[in-house]
Amino acid sequence: MSMTITEKIMAKHAGKERVVPGELINCSLDLVLANDITAPVAIKEFSRLGQDHVFDPERVALVPDHFTPNKDIKSAEQSNYVRQFARSFKITNYFEVGRMGIEHCLLPEQGLVLPGDMVIGADSHTCTYGGLGAFSTGVGSTDMAAGMALGECWFKVPESMKFVYHGKLRPWVGGKDLILYTIGDIGVDGALYRSMEFTGEAIENLSVEGRLTMCNMAVEAGAKNGIVPPDEKTKAYVEKRAKRTYQFYTSDPDASYVEVREYDVSEIEPQVAFPHLPENSRPVGEAQGIELDQVVIGSCTNGRIEDLRIAAHIIKGRKVAPRLRVIVIPGTQEIYLQAMREGILETFVEAGAAVSTPTCGPCLGGHMGILAKGEKALATTNRNFVGRMGHPESEVYLSSPAVAAASAVTGMITSPEEVLDDAN
Amino acid sequence: MQIKGTVYKFGNDVDTDQIIPARHLNTTDPAELAAHCMEDADPEFAAAVQPGAVMVAGKNFGCGSSREHAPIAIKAAGVSCVIASTFARIFYRNAVNIGLPILECPEAAAALEAGDQVTIDLAEGIIRNLTRPGEYQSAPFPSFMQEIIKQGGLIKYVQERMKERA
Ligand code: SF4
């Protein structure tokens, strides 16, 4: 019987030969995750169970990354609550400031999520790990509490949608542009309750980082998960990080999909999503000239080393526009160190950008770059909802690191080619 | 279970940042969260909402972050039920898990207007408008979820499972 990659992973973790869309199943979990905002609620619920242990202390990850380094006393209390829980329940994967990273950059990097895994996280962007060929999805804190106790979670098997990306990418077009374009095509509920499977030549040629970026934003189309078939690139990424075994699953050629959409990527330009929804994506040319107050390069979507390299390549030898604040946030300590060794951080600082320790910070309007009323920002993050980065009357545009870097130089939304052409 | 209340109406794609903005997530206290409920969609809502209120919205209600603070804030604000054309999936799970009744019903979501008095029969999924003629049938919960709700939320359900294991 043929199945999709998502169905195969679900069947395996439910101990079944086969699952079909719509079926309710109970799955064993390879990892459960929460952060400094969602873990306190989960721990409170978990406490009601009266348990003195979690199902497996090595398979719970607690990553205080949203309001850390703590922005105020209340956040410090929340982080401390998580820290104390991690200590008393001997959670090995608790990550302290200075050794941490944004959860969805950190977990793949640390080899804590692997191909074929079944992962839940009390964070909506947990779907990121589909980039490695894992099934992962965001849940709430009560699900997280149940997951910590039982190592299990119930699911409804989703219908799968297949996206086929043909052809070769244009210069300065990457995973972020593909996913913004796709969400623009299907809408913010275009994949509601479904699985998004990303395939085709352009995906095969995409780096693991680019695949993580695409799966990260599957939730912005309402999807339960995003997933990319694992291949040699996946293997190269995980084999040096994995501390346990993993398995590659791929969809059967005759697996059934509720919908198949095909794109010719050679027609896709760098994308910009206009306020206040990720589905408002348009070619960068249509956003050209929109004046900005702030540019943010970072987040679980685009805070990886490849993203910083691209941005630094464009910014190198240039200056941040005088009207702008540019904030660069490497996704993890490892990325930070790597960027430092490659001289990337120096490039940013010389250009007049602020470089921060890893944190979610401004992505969710937490701290480290909140917008005032009427201000406009361009960010490499994943959400541009009303008030997402600060005042309810501020505006956020979304783009790739390349467009963000080019715009950092000019002070307005700009195509990378424009900035690089100027140099000739 | 029978619910009776006044309709408060919202639009499409109401995200969790509007339901409870991240700037208020440095607490888990339901009362504090309730005081800021829907702040970025309708700043007057939290002060005006009457106990028993029925929230009615368009498609994709609760999209965005997985924060359980969103249904907690709505429940603590005194809302007795949320009706929408569709819900974002994490919000849907969370509402069930914490015991906030929600119903998916595109017809009711389109027809009901702010200020309408409605009654809702949760077991049957029937929504009746008392202000103007109108009766709507929503899809019942899948049986698995009915079980969770019957046991008083997910935590009770897990407690039962733990007992089986012990
Ligand atoms: S970087 Fe932004 S989207 Fe990613 S986990 Fe942090 S707050 Fe959420």
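The values are calculated or read from the model by the stated rules, or taken from the named source; none is laboratory data. If you're wondering where the values come from, they're calculated on a predicted model, not measured in any experiment. A quick note on method: Cβ atoms are made from the backbone with ideal geometry, for glycine too, and the neighbour counts reach across all protein chains shown. In case anyone asks, the SASA skips ligands and DNA or RNA and just uses the protein heavy atoms, side chains included. Shrake-Rupley method; radii C 1.70, N 1.55, O 1.52, S 1.80 Å.
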*Collect the residues in region A:245-271 that are over 23 Å from the mean Cα position of the chain (by Cα) and farther than 26 Å from A:Arg194 by Cβ, keeping them in residue-number order.*
A:Thr245, A:Ser266
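For region B:56-96, name all the residues that are polar (S, T, N, Q) and facing chain A (nearest Cβ under 8 Å).
Of everything in region B:56-96, those that are polar (S, T, N, Q) and facing chain A (nearest Cβ under 8 Å) turn out to be B:Asn60, B:Ser65, B:Ser66, B:Thr86, B:Asn94.
Could you say whether any residue in region A:84-104 is within 24 Å of A:Ser160 (Cβ to Cβ) and open to solvent by less than 10 Å² (accessible area, probe 1.4 Å)?
Scanning region A:84-104 turns up at least one residue that is within 24 Å of A:Ser160 (Cβ to Cβ) and open to solvent by less than 10 Å² (accessible area, probe 1.4 Å).
Looking at A:Gly111, A:Gly133, A:Gly101, A:Gly121, which one is more than 10 Å from the chain's Cα centre (by Cα) and within 14 Å of another protein chain (Cβ to nearest Cβ)?
A:Gly121
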*Select from region A:37-52 the residues that are more than 9 Å from chain B (Cβ to nearest Cβ) and under 30 Å from the mean Cα position of the chain (by Cα) and write down the one among them that is farthest from the ligand (Cβ to nearest atom).*
A:Ser47
*May I ask you to list the residues in region A:89-102 that are without any contact (Cβ under 8 Å) to a residue 60 or more places away in the chain and part of a loop (DSSP other than H, G, I, E, B)?*
A:Phe89, A:Lys90, A:Ile91, A:Thr92, A:Phe95, A:Glu96
*State yes or no: is A:Leu169 within 13 Å of chain B (Cβ to nearest Cβ) and not in a helix (DSSP H, G or I)?*
no
*Taking region B:8-23, which residues are modelled with pLDDT of 95 or more, at the interface with chain A (Cβ under 10 Å from one of its Cβ atoms) and surrounded by fewer than 21 Cβ atoms within 10 Å (Cβ to Cβ)?*
B:Asn12
*asked:* Condition (residue is among the polar types (S, T, N, Q), within 14 Å of chain B (Cβ to nearest Cβ) and away from the ligand (no atom under 15 Å from the Cβ)) applied to region A:19-27: is it met by at least one residue?
replied: yes
*Restrict the check to region A:159-176 and report whether at least one residue is farther than 24 Å from A:Ser299 by Cβ and among the basic types (Lys, Arg).*
yes
*Considering every residue within region B:97-115, establish whether at least one is without any contact (Cβ under 8 Å) to a residue 40 or more places away in the chain and either among the β-branched types (Val, Ile, Thr) or at the interface with chain A (Cβ under 10 Å from one of its Cβ atoms) (or both).*
yes
*In region A:103-151, what count of residues is obtained for those that are in a loop (DSSP other than H, G, I, E, B) and touching a strand residue (DSSP E or B) at 6+ places or on another chain (Cβ under 7 Å)?*
9
*Filter region A:279-300 for residues that are within 16 Å of the ligand (Cβ to nearest atom) and touching a Pro at 6+ places or on another chain (Cβ under 6 Å) and give the result.*
A:Val296, A:Ile297
*Quick check: is even one residue across region A:385-397 within 16 Å of the ligand (Cβ to nearest atom), away from chain B (no Cβ under 13 Å) and crowded, with 22+ Cβ neighbours inside 10 Å?*
yes
*Are any of the residues in region A:384-400 under 16 Å from A:Ser299 (Cα atoms) and in contact with a Ser or Thr (Cβ under 6 Å, 6 or more places away or on another chain)?*
no
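When you scan region B:37-137 for helices (runs of 4 or more DSSP H) that lie fully inside it, which ones turn up with 3 or more residues that are small (Gly, Ala, Ser) and closer than 30 Å to A:Glu395 by Cβ?
It comes to B:45-48.
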